[in-house]
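Student: Below: one structure in structure tokens.
The values are calculated or read from the model by the stated rules, or taken from the named source; none is laboratory data. All values reported here derive from a predicted model rather than from experimental measurement. Quick reminder, even Gly has a Cβ in these numbers, built from the backbone with ideal geometry, and neighbours come from all protein chains shown. When the accessible area is computed, the model is the full protein with side chains, heavy atoms only, and any ligands, DNA or RNA have been set aside. Shrake-Rupley method; radii C 1.70, N 1.55, O 1.52, S 1.80 Å.
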Amino acid sequence: MAAYARATRGLQQLLVLSALGLLATGAPQPPNIVLMLMDDMGWGDLGVYGEPSRETPNLDRMAVEGMLFPNFYSANPLCSPSRAALLTGRLPIRNGFYTSNGHARNAYTPQEIMGGIPNSEHLLPKLLKKAGYTNKIVGKWHLGHRPQFHPLKHGFDEWFGSPNCHFGPYDNKVKPNIPVYRDWEMVGRFYEEFPINLNTGEANLTQLYLQEALDFIRTQHTKKSPFFLYWAIDATHAPVYASRPFLGTSHRGRYGDAVREIDDSVGKILSLLQNLGISKNTFVFFTSDNGAALISAPKEGGSNGPFLCGKQTTFEGGMREPAIAWWPGHIAAGQVSHQLGSIMDLFTTSLSLAGLKPPSDRIIDGLDLLPTMLQGHMMDRPIFYYRGNTLMAVTLGQYKAHFWTWTNSWEEFGQGIDFCPGQNVSGVTTHTQEEHTELPLIFHLGSDPGERFPLSFASSEYQDALSRIIQVVQQHQKSLVPGQPQLNVCNQAVMVSGQSMYAGVCLCLATVTHLPDAGLIQF
């Protein structure tokens, strides 16, 4: 795989530079970049992916005018590590957005965790500044809430949004409501200055996020400077919300209302780009951070289409995402690419758009998708599915091998937490961690996208797929240097309240100095 990538990298860069006109004398400024990252939106939530209500006309039109990726993946089945992967182009096991104190435990950044994106990581906005970009994040950051992790310390010039999810309301005694920022200033808190009505689902946040995007685009257009807009809105994360004009308008309940408002907002953003005459110089990509949270279904959870389970799991429903690329005049309309894509590819592709090379001092997992989008090239590459520091599964071509299967514990399941409602597959959707490293469960995703019928261990098809996947895994593990884990959780029972609690969490993180085994698989 590495040899293939090295051999083709030079050709791809020449193709891309030629296609962009950057080889010519007096080349125009690089294109604007708009990355739209949804929160817990499922593969099956858009009409273009088969959602029967057909309530996403703008996103469906975006796909008709651009390129649809039916085989596009997150880097993790949870919000926070996925976002770290997008902005670094690296797997969470490399950039530190994982936990090592619980085997295969997912990890995110609640208020109690003191970790965040390390200074050693090169984030996309900071790199884009080298090419003259002005960068803005709208919505959820989720890469740490302490001052050293602030978005404006990592390359963004502007921010309107929050460091964490809109959970709450809290009592403001033991735990305050989560803040909302404009740049460095806290301008309010969820459920206070930015109300969310849990009874009706009414909140005006998506409209605020839309206006921030529109104003930023207009301002940067006036300044004639290239811009990067990271539009990371969260209306489809439970508790889902929508503004009053959209409440009650969907056949899919409150979740559908949120999707309809998002679709309307996407339409307004694309229309503005066209009206300003800059659509041909603006690359737009729409996707989600992980699969739909089926635990919140049916009222507040989305659809993962034909795929098994959802958010929190490394089955297809947890990590296969809707994905649309739009760039009029460059990406031919009505295209469907079966290239295996990853959210990490947005990092490398964005750098390529800016005429920049990815950092050479570290392994970058994202690929440059421009040759695929512009020339129709297909690249052979694996998809790695991690939970915590454990490699759970690998997809190569049409074949997916599970080395561990697990949804959640029997204890959680007994409490009504179900990441796979109505989708039990015996021996696959397990509530105990099941190891398959000796004989991985292998599925052919082309004929069995729901991961219900593993190949026979004795078949030649199984043996051939296993031999190729083993080589990929061994090569991956040979070069793997895990980052310092940022998301370990301490035992709250041994900690005291107040400032000393936070010191205890920091101590917990600081004392984890050894590198984890990263779920190494022995063959």
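Student: Taking a probe of 1.4 angstrom, what is the accessible area of Arg218 in Å², to the nearest 10?
Tutor: Approximately 100 Å² for this residue.
Student: In debye to the nearest 20, how big a dipole does the chain give about its Cα centre with +1 on each Lys and Arg Cβ and -1 on each Asp and Glu Cβ?
Tutor: That gives a dipole near 1380 debye.
Student: Carbon and sulfur atoms: what percent of the 1.4 Å accessible area of region 128-257 do they account for?
Tutor: After summing per-atom areas, the C and S share lands at 51 percent.
Student: Okay, next question. Would you tell me the accessible area of Ser459, worked out with a 1.4 angstrom probe on the heavy atoms of the protein chains, in Å² to the nearest 10?
Tutor: Result for Ser459: roughly 30 Å² accessible.
Student: So in the chain, what percent of DSSP beta bridges are antiparallel if you round to the nearest 5?
Tutor: 50
Student: Among Thr222, Thr313, Gly201, pick out the residue whose Cα is farthest towards the positive end of the charge dipole of the chain, where Lys and Arg carry +1 and Asp and Glu carry -1 on C-beta, about the Cα centre.
Tutor: Farthest towards the positive end: Thr222.
Student: Rounded to whole Å and sorted largest first, what semi-axes of the equivalent ellipsoid does the C-alpha gyration tensor of the chain yield via the square root of 5 times each eigenvalue?
Tutor: 31, 29, 24
Student: Which lysines does Lys311 reach when only Cα atoms under 23 Å apart count, and residues fewer than 8 places away in its own chain are ignored?
Tutor: Here the lysines satisfying the reach criterion relative to Lys311 are Lys140, Lys299, Lys400.
Student: Starting from the amide H of Leu91, placed 1.01 Å from N in the peptide plane, find each other amide H under 5 Å away whose residue is 5 or more places distant or on another chain.
Tutor: For Leu91, the qualifying residues are Asp365.
Student: Give, as a single signed number, the net charge of other residues whose beta carbon lies under 12 Å from the beta carbon of Asp40, with Lys and Arg counted +1 and Asp and Glu -1.
Tutor: Residues close to Asp40 contribute a combined charge of -4.
Student: Moving to a separate point now. Using a 1.4 Å probe, how large is the accessible area of Tyr399, given in Å² and rounded to the nearest 10?
Tutor: 40
Student: I'd like the Karplus ³J(HN,Hα) series for region 366-371: coefficients 6.51, -1.76, 1.60, θ = phi - 60°, whole numbers in Hz, and an x wherever there's a Gly or Pro.
Tutor: Karplus-based 3J(HN,Hα) across region 366-371 equals x, 9, 7, 8, 4, x Hz.
Student: Report, ordered by chain and residue number, the lysines lying within cross-link reach of Lys357, taken as a straight Cα distance under 25 Å and ignoring same-chain residues fewer than 8 apart.
Tutor: Lys126, Lys129, Lys130, Lys136, Lys153, Lys224, Lys280, Lys478
Student: Which net charge results when you count Lys and Arg as +1 and Asp and Glu as -1 among the other residues whose beta-carbon is under 11 Å from that of Leu247?
Tutor: 0
Student: Long-range amide H contacts for Ser288: which residues qualify at under 5 Å (H placed 1.01 Å from N, peptide plane, sequence gap of 5 or more or a different chain)?
Tutor: Met38
Student: Moving to a separate point now. Quick check on region 260-375: take the gyration tensor over C-alpha atoms, sort the square-rooted eigenvalues as a ≥ b ≥ c, and tell me if it's rounded (a/c under 1.5), prolate or oblate.
Tutor: Note, shape of region 260-375 comes out oblate.
Student: Could you please put Glu202, Glu411, Glu316 in sequence from largest to smallest accessible area, using a 1.4 Å probe?
Tutor: Highest to lowest solvent-accessible surface, that is Glu411, Glu202, Glu316.
Student: May I pose another question? With every protein chain present, what is the per residue accessible area of the chain (1.4 Å probe, Å²)?
Tutor: With the other protein chains kept in place, the chain gives 38 Å² per residue.
Student: Now for a different question. Which of the chymotrypsin sites (Phe, Trp or Tyr not before Pro) found in region 126-190 are in a DSSP loop and have at most 15 neighbouring Cβ atoms, other than their own, within 10 Å?
Tutor: When the chymotrypsin sites (Phe, Trp or Tyr not before Pro) of region 126-190 are filtered for loop state and at most 15 Cβ neighbours within 10 Å, Tyr170, Trp184 remain.
Student: Could you derive backbone 3J(HN,Hα) for region 345-350 from the dihedral phi with the Karplus parameters 6.51, -1.76 and 1.60 (θ = phi - 60°), listing whole Hz in sequence and x where the residue is Gly or Pro?
Tutor: 5, 5, 5, 5, 5, 5
Student: Can you compute 3J(HN,Hα) from phi for each residue in region 419-428, using the Karplus curve 6.51 cos²θ - 1.76 cosθ + 1.60 with θ = phi - 60°, rounded to whole Hz and x for Gly and Pro?
Tutor: 8, 9, x, x, 10, 4, 10, 4, x, 10
Student: Here is a follow-up. What's the local net charge at Gly305, with K and R +1, D and E -1, over the other residues with C-beta under 12 Å away?
Tutor: Cβ neighbours under 12 Å give a net charge of -3.
Student: For Phe228, list long-range residues whose amide hydrogen, built 1.01 Å from N in the peptide plane, is under 5 Å from its own amide hydrogen.
Tutor: Hits under the 5 Å cutoff: Ile33, Thr134, Asn135, Lys136.
Student: Moving on. As a test of the definition: which semi-axes, in Å, follow for region 372-430 when you take the square root of five times each eigenvalue of its alpha carbon gyration tensor? Largest first, please.
Tutor: 31, 13, 11
Student: On to the next question. For region 58-150, with only Lys/Arg (+1) and Asp/Glu (-1) charged at the beta-carbon, what is the dipole magnitude about the Cα centre, in debye rounded to 20?
Tutor: So the magnitude is around 280 debye.
Student: A further question follows. What is the chain's relative contact order, in percent, from Cα pairs under 8 angstrom and six or more apart in sequence?
Tutor: 23
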